[in-house]
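**Q** Starting off with a structure, shown below.
The values are calculated or read from the model by the stated rules, or taken from the named source; none is laboratory data. From a predicted model like this one, the values you see are computed outputs, not experimental measurements. Every residue, glycine as well, gets a Cβ built from its backbone with ideal geometry; the counts of neighbours run over all protein chains shown. Keep in mind that these areas ignore ligands, DNA and RNA; they rest on the heavy atoms of the full protein, side chains included. Shrake-Rupley method; radii C 1.70, N 1.55, O 1.52, S 1.80 Å.
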Amino acid sequence: MKRLLAILGLTFALAVSDAYCQNFTVKFDSCGGSDVASVDAAPGARLQAPARPEREGMAFVGWYTDPNAEIRMWDFLNDRVSGSMTLYAKWLKPDEKHLFLNAYASAKELESPYVARTLQELGEYDEARHSLTFADGTIVFIAPGVYWTNPDCRKGFPFDDSGYVAPGPNVGLSILGNKISFIGLTADPEDVRVCGNRGEGGARGLGASGSWYTIAVSSDFYGKNITFANYAQEDLVFPRDPSQNLSKRIDSKNHAEVMRTADRNADRMFFENMRFVGYLNMMYTFTPKRSYFKDCFLQCTDDSVFSGQMNVYENCTFHFFDNHPAWAAAGSGGINALLGCSIVGMPQMTHPFVSFSKMGSGRDGKSASAIYAVIDCNFSGRIEYVEWENKTREYARYAVHGNTIGEDMKPLVISASAPQLSVEYTGDALNAFKVGDEYNIYNLLKGDDGWDPRGQNSAAWAPYANLPFRFLLGFSGQTLYSGETGERNTIVMTPAPIPASSVDYGKLVWEYDENLLCGKVDSKTGVITLNAKPNTTGTIVRTTVTCILENGVSAGAGVEIYPVPVAAPVISSAALKIGKGSVTLSYKIDNKSYRDVSRIDWYREKGPATVDGEHVGTMRNDDAGLYMDDPFKLYPLSKYDEGFYLRAVITPKYEFS
């Protein structure tokens, strides 16, 4: 029995050894090109790149691991063989509307006018204007590689002592032409880098005079599977070809931007599986009317994203290196919609919170900027709480649903100290942003021209194609003077849903305190006219007026109601008391619920009964009521008061007497 066990053990060991030493076969399917012989490779070995195959009228891109040659290109420098496999050749047929950018194109492929190794060799390049013009509708296919928008990327500090500063305009390349597409030819956007490396700071800074952008894009631009980056402040590391690595200029987080719009009226921008790598003001002047980011990565510090008019981010990842990613964000009447996104606060953040905007603008809700919809998003990393903006606008309303914070996905309330600002969209209302498990991009971006980047427009989608996704109130004012008639006691509030055609204005419901206000609604427009009933409290009363859509979504705005005038206070028990270094005036008033703003004047007198002394102090009330201090009851003594009497004169006044 012992001998048999020893033989079996030896046999098993030999079998394992034979399997480990077995080579794998790698086949090359040239997909219509010249034949490429198969090779044997040991486990864990690198492959030697075979000679480039050729195919008449076609340009070779590379060898892919998937039969459709779309997802992953084999990396002959870093990839290791782990089993027998087939690599598939990818081919393109370039023409005047289908250009091919390949940093490693062969000399024969470069004989085609539609193939180039650098961006500047494609299209119509204007060196003085830093522009590259393409025929409308051109598609640029880009093979893995590093492509600089500024050919002077290795010029100036710290690469030489020339003192070189890049001449204007301060953009690497402006891509001109309508409906231009840049498409990276693998599913990994880090394989294709379109980049620059300049920013503000001059000769000893980031190599430009003022803010500098890597790229500017025009209307209807489409980008896919590409990294747009500015490497002025971050090292460029390109594992596929380390000869392309380049160190940053300086270690800072300054104005070295990535992308802006090339024209003022840019519209319909679509970015899919893209990476945007920068820091301060990363896309501050990227201001299209509509843009759509799908499955993208965005890295930035302050004042960097959410500009423009209507921006939708679906399944995107944000890495925030500071607390205020936007200044004012989506323009008047617009919205930033974050749908299913991941927002990560990086360790470098100054404070453990994110405030979406520094300061929203707009006189009222109808014209308000910096309005957001945040649906199914998770906040993590250094982020402990989230605010809508630095200074709360009480009339602002933001759409929310299903947001969480932390790795344990706890429910999140944004701006928890002002929860009324966050309007929960559920049931039918949520269809404006999400139908079942699919986000409603068409409803958000269709505009007046039916733009449909997600391909959702269909008869089945029609019930979800015109739903309100932003609802605020316009108003003529927020202050009513209840003791008056006419304009000073009239406010007109206007419902402002977007799209405007998505609401039946006859079915709006207005809610307000009928003890304080009278309201009259126009059934056709939904507009309400409000007047204040007499406010006899002697103080300003604050209340909220709310409008509710048929789907349950609400908007609101605050109103201040000034009181009717009240009688001046009756003063009693006035007395002066000398203390250490001061004199205190005390008195009683007949109504402690009113604010006492009585004027106190102090006089330095020569005798206990004189009334012609020197005026030495008063409170700072003015007749126009622009400012009102509390009564000046505490008079500080000085050496000049020694040997004199002090007299205090009270002019009784309540705030609204």
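**Q** Show which lysines lie in cross-link reach of residue 410 when reach means a straight Cα distance below 24 angstrom and same-chain residues fewer than eight apart are skipped.
**A** Output for residue 410: 434.
**Q** Please give the length that would be gained between residue 152 and residue 612 if that part of the chain were fully extended, namely 0.36 nm times their separation in residues minus their C-alpha to C-alpha distance (nm, one decimal). Please report the intermediate quantities before stating the final value.
**A** Numbers: separation 460, 0.36 × 460 = 165.60 nm, distance 8.13 nm.
Between residue 152 and residue 612, full extension yields 157.5 nm more.
**Q** Can you tell me which aspartates and glutamates have their Cα less than 17 Å from the Cα of residue 179? Leave out same-chain residues fewer than eight positions away.
**A** Straight-line reach from residue 179, under 17 Å: 95, 96, 124, 136, 220, 263, 267, 272, 449, 452.
**Q** Among the aspartates and glutamates, which have Cα under 17 Å from the Cα of residue 155 when same-chain residues fewer than 8 positions away are ignored?
**A** Within the straight-line limit of under 17 Å, residue 155 reaches these aspartates and glutamates: 127, 200, 234, 235.
**Q** Give the angle, between 0 and 90 degrees and rounded to the nearest 10, that separates the Cα long axis of helix 2-20 from the longest principal axis of the Cα atoms of the chain.
**A** The angle comes out at about 80 degrees.
**Q** At 222 nm, what value in deg cm²/dmol follows for the chain if DSSP H runs of at least 4 each add -39500 (n - 2.57) and the sum is divided by all its residues, to the nearest 500? Working shown, then result.
**A** Working: 3 runs with 28 residues, N = 657.
Value at 222 nm, helices only, nearest 500: -1000 deg cm²/dmol.
**Q** Another question about this same structure. Work out how far the C-alpha atoms of region 184-278 reach from end to end along every principal axis, then list the three figures in whole Å, largest first.
**A** So the extents along the principal axes, rounded to whole Å, are 38, 36, 17.
**Q** For the chain, what is the accessible area per residue in Å², given a 1.4 Å probe and the full set of protein chains? Please report the intermediate quantities before stating the final value.
**A** Numbers: 30520 Å² over 657 residues.
Heavy-atom SASA per residue in the chain reads 46 Å².
**Q** Longer than 23 Å from Cα to Cα, which of 93/224; 592/633; 366/520; 289/358; 224/358 are they? Say none if no pair is. Please list the in-between numbers first.
**A** Values: 93/224 19 Å; 592/633 16 Å; 366/520 20 Å; 289/358 21 Å; 224/358 31 Å.
The pairs that break the limit, which is 23 Å between Cα atoms, are 224/358.
**Q** First select every other residue whose beta carbon is under 11 angstrom from the beta carbon of residue 286; then total the charges, Lys and Arg +1, Asp and Glu -1.
**A** Details: positive: 260; negative: 257.
Result for the local shell: 0.
**Q** Would you mind telling me the share, in percent, of accessible area of region 466-515 contributed by carbon and sulfur at probe 1.4 angstrom? Write down the numbers at each step before the final one.
**A** Numbers: 1060 of 2330 Å².
That share works out to 45 percent.
**Q** Express the carbon and sulfur contribution to the solvent-accessible surface of region 519-657 as a percent, rounded to the nearest whole number, probe 1.4 angstrom. Before the final figure, lay out the partial values.
**A** Numbers: 4370 of 8160 Å².
Carbon and sulfur atoms account for 54 percent of the accessible area of region 519-657.
**Q** Quick one: accessible surface of residue 409, probe radius 1.4 Å, all protein chains present, in square angstrom to the nearest 10.
**A** Around 110 Å² of this residue is reachable by solvent.
**Q** Sticking with this one: Quote to one decimal, in nm, the extra length available between residue 637 and residue 509 on full extension: 0.36 nm per residue of separation minus the C-alpha distance between them. Spell out each step's value before the answer.
**A** Details: separation 128, 0.36 × 128 = 46.08 nm, distance 6.09 nm.
Roughly 40.0 nm would be gained on extension.
**Q** Relative contact order for the chain: what is it in percent, counting Cα pairs under 8 Å that are at least 6 residues apart?
**A** On the way: 1716 pairs, mean separation 35.2, N = 657.
Reported relative contact order: 5 percent.
**Q** Hey, another quick one. Which whole-number percent is the relative contact order of region 535-657 (Cα, under 8 Å, 6+ apart)?
**A** Numbers: 229 pairs, mean separation 34.6, N = 123.
Computed value for region 535-657: 28 percent relative contact order.
**Q** Still on this structure, please answer the following. Which residues among region 291-318 fall inside the zone where the amide N is under 13 Å from a point 7 Å beyond the Cα of residue 380, along Cα→Cβ?
**A** Under 13 Å, as judged by backbone N against the label point of residue 380, lie 317-318 of region 291-318.
**Q** Please work out whether region 30-177 counts as rounded, prolate or oblate from its C-alpha gyration tensor, where a ≥ b ≥ c are the square roots of the eigenvalues and a/c under 1.5 means rounded, while otherwise a/b larger than b/c means prolate and anything else oblate? Don't skip to the answer; put the middle values down first.
**A** On the way: a/c = 2.90, a/b = 1.62, b/c = 1.79.
Note, shape of region 30-177 comes out oblate.
**Q** Normalised by the residues of region 296-419, what does the relative contact order come to in percent, with Cα pairs under 8 Å and at least six apart? Could you put the intermediate results ahead of the total?
**A** On the way: 342 pairs, mean separation 27.1, N = 124.
Contact order relative to length: 22 percent.
**Q** Which ³J(HN,Hα) values in Hz, rounded to whole numbers, follow from the phi angles of region 110-122 under the Karplus curve 6.51 cos²θ - 1.76 cosθ + 1.60, where θ = phi - 60° and Gly and Pro get x?
**A** The phi angles translate into 6, 5, 6, x, 9, 10, 8, 9, 10, 4, 5, 8, 9 Hz.
**Q** Roughly to the nearest percent, how much of the accessible area of region 314-445 is carbon and sulfur, given a 1.4 Å probe?
**A** Working: 2530 of 4900 Å².
Taking all protein chains in place, region 314-445 shows 52 percent carbon and sulfur surface.
**Q** Same structure, new question: Give the label of the value calculated from the structure for Cα Rg over 2.2 N^0.38 Å, choosing from (1) 1.35; (2) 0.96; (3) 0.92.
**A** Among (1) 1.35; (2) 0.96; (3) 0.92, the one calculated here is (1).
**Q** Ok, one more. Among the trypsin sites (Lys or Arg not before Pro) within region 504-589, which fall in a DSSP loop and have no more than 13 other Cβ atoms within 10 Å of their own Cβ?
**A** On the way: sites: 507, 520, 524, 542, 577, 580, 588; in loops: 524, 580.
Passing sites in region 504-589 are 524, 580.
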